[in-house]
Amino acid sequence: MTTSVRYERQGQVGVITVDNPPVNALSQHVRQGLLDCLAQGLADDEARALVMVGAGRTFIAGADIREFGKPLADPDLNGVIEAYENATKPVVAAIHGTALGGGLEVALGCHYRVAVAAAKVGLPEVKLGILPGAGGTQRLPRVAGVEAAIDMITTGKFVPAGKALKLGIVDAIVDELVPGAVAFAEKLLAENAPLRRVRDMDEKVKAFDPARFEAMRKAVVKAARGQMSPVGCFDSVTASVTLPFEDGLKREREIFTGLIESDQSKALRHIFFAEREALKIPDVPSDTPTLPIRTAAIIGAGTMGGGIAMCFANAGIPVKLLEMTREALDRGLGIIGGNYANTVAKGRLTQEAMDKRMGLIEGVLDYDALSEADIIIEAVFEEMDIKKKVFAALDSVAKAGAILASNTSTLDVDEIAASTSRPEFVIGTHFFSPANVMPLLELVRGAKTSNQVIATSMKLARTIAKVPVLVGNCDGFVGNRMLEPYGQQAELMLLEGAMPAQVDGVMQRWGLAMGPFTMGDMAGLDVGWRIRKRRAATRRNDLFWPTVADQICEMGRFGQKTKAGYYLYEGGSRVPVTDPKIEQLIVEASKAAGIERREISDEEILKRCLYALINEGAKCLEEGMAIRASDVDVIYCFGYGFPAWRGGPMFQADLIGLDKVLADIKRFHAALDDRWKPAKLIETLVAEGRSFADYDRGR
Ligand code: TC6
């Protein structure tokens, strides 16, 4: 008998407890334990009903993702679920925490389900590039209806217990988990309730008109933007309507097998673990004591400052927002109010919750008001002199032990820290715009930043629902530093013969949320222009520097906010429209630079953009600016619209083969210029026959 699942009896009810920390995943020994305990419960003459529950903080959070990609050891999950469904005594699943993926599928194999009010259920497999392959696509529509099942399974969203009750996924909400579930089982016995098998409940699937599938599928394909799993999930759910249960299971298995072996699923699993790995900092022990963060303050109520203040308010942390004038403060608070009001209008936030959040944000006009804040984040103009003045002022008002953070995207955190008497309390917090929406947070470690400040900032990032990655202090840190050569290749290709729409089209079709020029227009072209001017004095003059971006800025075209950039945005639209004037400007710029325009293939565009990211990412690694290759992937997938189903640039390099990537980089180096000098790390790894994943493992 395994110890990860145990059986005990409470009166006439046998209780089966899954105890496999941290999240009770369905590892092989758990699957075996579930079968063993079921047999024990069925053989126990004193037990007339059974309850299944998870130990610790959650019910079962799904299959053990670490077992994917390896030969699956018996017993298989479908067999376990079938055994429960065919049990001759009623089985009740008692859900707390989350019942996810295989966990919810096991619960759907039980005859009844109860949950505590705070529990959530979901089938998030789609986010791992697969589908719920243990009957979830056939059983969920039978309890929740086809439409709700399609919504849950193709998006992977979690549903709170109250809604799950309304949908019929759970049968009752209980106050106390085990006593509530045992009482529910006793009631079933008293009422002589039937052994209700979900597979037999076909009322809801029969009521659905399959003629609706065609239009629904089109919407799923469109929203998936190249990702296969939402479409596979959809197709599998349709089988619950068009095929008998057993045939539906077979169809589910076929689609599942294709998906789990796909590169997309490997990429998504990589990102799942990479996100969690990024939380571990080798020289900052996990038990490093953290500082309490009860209150926060933000300096600057502009777009970034306002967005950051919302992150704190959303997490229930009171935050002071400092501006220099009443007018600027009122404008900033007005924008925050407008953002929340939009969310309320869309039905994603209640008016009451909005009022509560707005109530947590206090506008102030005096530095002295920041004296009690546990963390102060500066979000003023990206100019070193201004930042230094702000930090000197902060140093004189902030209480001892407060974290002083700079929301910079490129500037030297050590230089900023040096303007205070406490550099160990200074850290960079690079939020991404819009800060209340974008998940990534690059935390920039200065030379003197203390471990306690790092540990606290990592923890705080999770509290405010961000995905943190610790990076080193170099120009552009990791994300923007990599964006630089990427953007340069895109610019150079314009002069060599491409047009913005071609470059953007290639990258978008490959899966990026936006191509480089659309992204520049959205972020504001003036930002890069300012940075280029700052760097002009120090940049290599043996390289050719394209000027199209500068020329566009000189025309006062800064992108979407000025309704014109690389593209036109007519009538305030966000849809880029090709502007013949810019195409003309590009052709003339080629002529002025003496470059003969040529046809540039889509393949060349993709390689030059992607490999520029990979090469610079490797340089960040060899210089210790990024801790792991997988951290670079997290940065790109959570901050730069890189599709998670491509796994990030470094994962792509491994997938393509680092030797092939290096061969192309060398070819570009010979044919183009020294920007393509291969990173030493790539050369070393190729010489050793290793990949970035091997590098991460061997660190
Ligand atoms: C499935 O079920 C398919 C079925 C069909 C089969 C035929 N497996 O996220 P946290 C680890 S697919 C293995 O930090 P939280 C995680 O790596 C699965 N490990 O905690 C981390 O390890 P570390 C469908 C797992 O409280 C630790 O547990 N299910 C799994 O913030 C803590 O995780 C899902 O997709 C797993 N399934 O969030 C659910 N899950 O400490 C995936 C977690 O060594 N899980 N770990 O770094 C989650 O969404 C979240 O973990 C959570 C808990 C909401 C359960």
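The values are calculated or read from the model by the stated rules, or taken from the named source; none is laboratory data. Since the model is a prediction, treat every value here as computed from it, not as a measurement. Every residue, glycine among them, receives a Cβ derived from its backbone with ideal geometry; neighbour counts consider all protein chains shown.
The number of residues in segment 115-156 being farther than 19 Å from residue 81 by Cβ and in a loop (DSSP other than H, G, I, E, B) comes to 6.
Listed residues 414, 385; which is among the acidic types (Asp, Glu) and over 22 Å from residue 322 (Cβ atoms)?
On the way: 385 fails: over 22 Å from residue 322 (Cβ atoms).
Going through 414, 385 in turn, just one is among the acidic types (Asp, Glu) and over 22 Å from residue 322 (Cβ atoms): 414.
How many residues does segment 560-600 hold that are among the β-branched types (Val, Ile, Thr) and under 18 Å from residue 490 (Cα atoms)? Break it down stepwise before answering.
Narrowing segment 560-600 to residues among the β-branched types (Val, Ile, Thr): 562, 575, 577-578, 582, 586-587, 595, 600.
With the extra rule that they be under 18 Å from residue 490 (Cα atoms), the set shrinks to 578, 582, 586-587, 595, 600.
Selection size over segment 560-600: 6.
Annotation: residue 373 fulfils all but one of (1) loosely packed, with under 13 Cβ neighbours inside 10 Å; (2) touching a Ser or Thr at 6+ places or on another chain (Cβ under 6 Å); (3) of a type outside the set (S, T, N, Q); the unmet one is (1).
With the structure loaded, tell me whether residue 564 is without any contact (Cβ under 8 Å) to a residue 24 or more places away in the chain and exposed (fewer than 15 other Cβ atoms within 10 Å of the Cβ) or whether it fails that test. The answer is no for residue 564. Residues that are crowded, with 19+ Cβ neighbours inside 10 Å and among the aliphatic types (A, V, I, L, M) occur in segment 335-353; there is at least one.
Here's a check for you: in segment 237-268, which residue that is among the basic types (Lys, Arg) and surrounded by 15 or more Cβ atoms within 10 Å (Cβ to Cβ) is nearest to residue 652 (Cα to Cα)? Here the answer is 266. Among the residues making up segment 332-377, those that are among the charged types (D, E, K, R) and either modelled with pLDDT under 95 or out of contact with any Phe, Trp or Tyr (no Cβ under 7 Å at 6 or more places or on another chain) (or both) are 346, 348, 352, 355, 356, 362, 366, 368, 372, 374. Taking the numbered list (1) within 12 Å of the ligand (Cβ to nearest atom); (2) over 24 Å from the mean Cα position of the chain (by Cα) in turn, residue 129 passes all entries but (2). For segment 303-366, give me every one of the helices (runs of 4 or more DSSP H) that falls completely inside it and has 1 or more residues that are within 21 Å of residue 459 (Cα to Cα) and under 22 Å from the mean Cα position of the chain (by Cα). By residue number, 303-314. Of 60, 65, all but one fail to be of a type outside the set (D, E, K, R) and farther than 22 Å from residue 165 by Cβ; the exception is 65. Scanning segment 267-287 for residues that are under 20 Å from the mean Cα position of the chain (by Cα) and either modelled with pLDDT under 95 or more than 14 Å from the ligand (Cβ to nearest atom) (or both) returns a single hit, 267.
Just wondering, is there one or more residues in segment 60-71 that are within 26 Å of residue 268 (Cβ to Cβ), within 29 Å of the chain's Cα centre (by Cα), more than 8 Å from the ligand (Cβ to nearest atom) and modelled with pLDDT of 95 or more? Within segment 60-71 (the criterion being within 26 Å of residue 268 (Cβ to Cβ), within 29 Å of the chain's Cα centre (by Cα), more than 8 Å from the ligand (Cβ to nearest atom) and modelled with pLDDT of 95 or more), the answer is yes, since at least one residue qualifies. Taking segment 406-441 as the range and being buried (at least 22 other Cβ atoms within 10 Å of the Cβ) and part of a strand (DSSP E or B) as the test, the residues that pass are 406, 426, 427, 428, 429, 430, 431, 441.
Please tell me if residue 493 is closer than 30 Å to residue 596 by Cβ, hydrophobic (A, V, I, L, M, F, W, C), surrounded by 19 or more Cβ atoms within 10 Å (Cβ to Cβ) and modelled with pLDDT of 95 or more.
Working: closer than 30 Å to residue 596 by Cβ: yes; hydrophobic (A, V, I, L, M, F, W, C): yes; surrounded by 19 or more Cβ atoms within 10 Å (Cβ to Cβ): yes; modelled with pLDDT of 95 or more: yes.
Against the criterion (closer than 30 Å to residue 596 by Cβ, hydrophobic (A, V, I, L, M, F, W, C), surrounded by 19 or more Cβ atoms within 10 Å (Cβ to Cβ) and modelled with pLDDT of 95 or more), residue 493 qualifies.
I want to confirm something. Restricting to segment 468-481 and keeping residues that are of a type in the set (A, V, I, L, M, F, W, C) and buried (at least 21 other Cβ atoms within 10 Å of the Cβ), which single residue is farthest from the ligand (Cβ to nearest atom)?
Applying the first criterion (of a type in the set (A, V, I, L, M, F, W, C)) to segment 468-481 yields 469-471, 474, 477-478.
Cutting the leftovers down to buried (at least 21 other Cβ atoms within 10 Å of the Cβ) gives us 469-471, 477-478.
Numbers: 469: 15, 470: 15, 471: 20, 477: 24, 478: 21 Å.
Here the answer is 477.
Within segment 202-225, the set of residues being surrounded by 15 or more Cβ atoms within 10 Å (Cβ to Cβ) and in a loop (DSSP other than H, G, I, E, B) comprises 202, 208. Any residue at all in segment 646-659 that is surrounded by fewer than 18 Cβ atoms within 10 Å (Cβ to Cβ) and more than 24 Å from the chain's Cα centre (by Cα)? Within segment 646-659 (the criterion being surrounded by fewer than 18 Cβ atoms within 10 Å (Cβ to Cβ) and more than 24 Å from the chain's Cα centre (by Cα)), the answer is yes, since at least one residue qualifies. Residue check: is residue 521 farther than 26 Å from residue 375 by Cβ and in contact with a Ser or Thr (Cβ under 6 Å, 6 or more places away or on another chain)? So residue 521 fails the test. Of 161, 148, 117, all but one fail to be away from the ligand (no atom under 16 Å from the Cβ) and either more than 30 Å from residue 266 (Cα to Cα) or crowded, with 24+ Cβ neighbours inside 10 Å (or both); the exception is 117. Of the residues in segment 158-173, at least one is of a type in the set (Phe, Trp, Tyr), under 29 Å from residue 211 (Cα atoms) and modelled with pLDDT of 95 or more.
Of all the residues in segment 29-58, those that are within 16 Å of the ligand (Cβ to nearest atom) and either basic (Lys, Arg) or at pLDDT below 95 (or both) number 2. Here residue 57 clears all of (1) of a type in the set (D, E, K, R); (2) buried (at least 16 other Cβ atoms within 10 Å of the Cβ); (3) closer than 17 Å to residue 107 by Cβ except the condition numbered (2).
Would you confirm whether any residue within segment 593-607 is crowded, with 16+ Cβ neighbours inside 10 Å, within 30 Å of residue 698 (Cβ to Cβ) and of a type outside the set (A, V, I, L, M)? The answer is yes; a qualifying residue exists. Does residue 77 satisfy the condition of being within 13 Å of the ligand (Cβ to nearest atom), in contact with a Gly (Cβ under 6 Å, 6 or more places away or on another chain), hydrophobic (A, V, I, L, M, F, W, C) and over 19 Å from residue 143 (Cα atoms)? So residue 77 passes the test. Within segment 85-111, the set of residues being within 15 Å of the ligand (Cβ to nearest atom) and acidic (Asp, Glu) comprises 105 only.
Starting from residues that are more than 32 Å from the chain's Cα centre (by Cα) and hydrophobic (A, V, I, L, M, F, W, C), keep the ones in segment 81-97 and report whichever is farthest from residue 175 (Cα to Cα).
Keep residues of segment 81-97 that are more than 32 Å from the chain's Cα centre (by Cα), which gives 82-92.
Next cut, hydrophobic (A, V, I, L, M, F, W, C) only: 83, 87, 91-92.
Numbers: 83: 29, 87: 27, 91: 19, 92: 15 Å.
Checking each candidate, the answer is 83.
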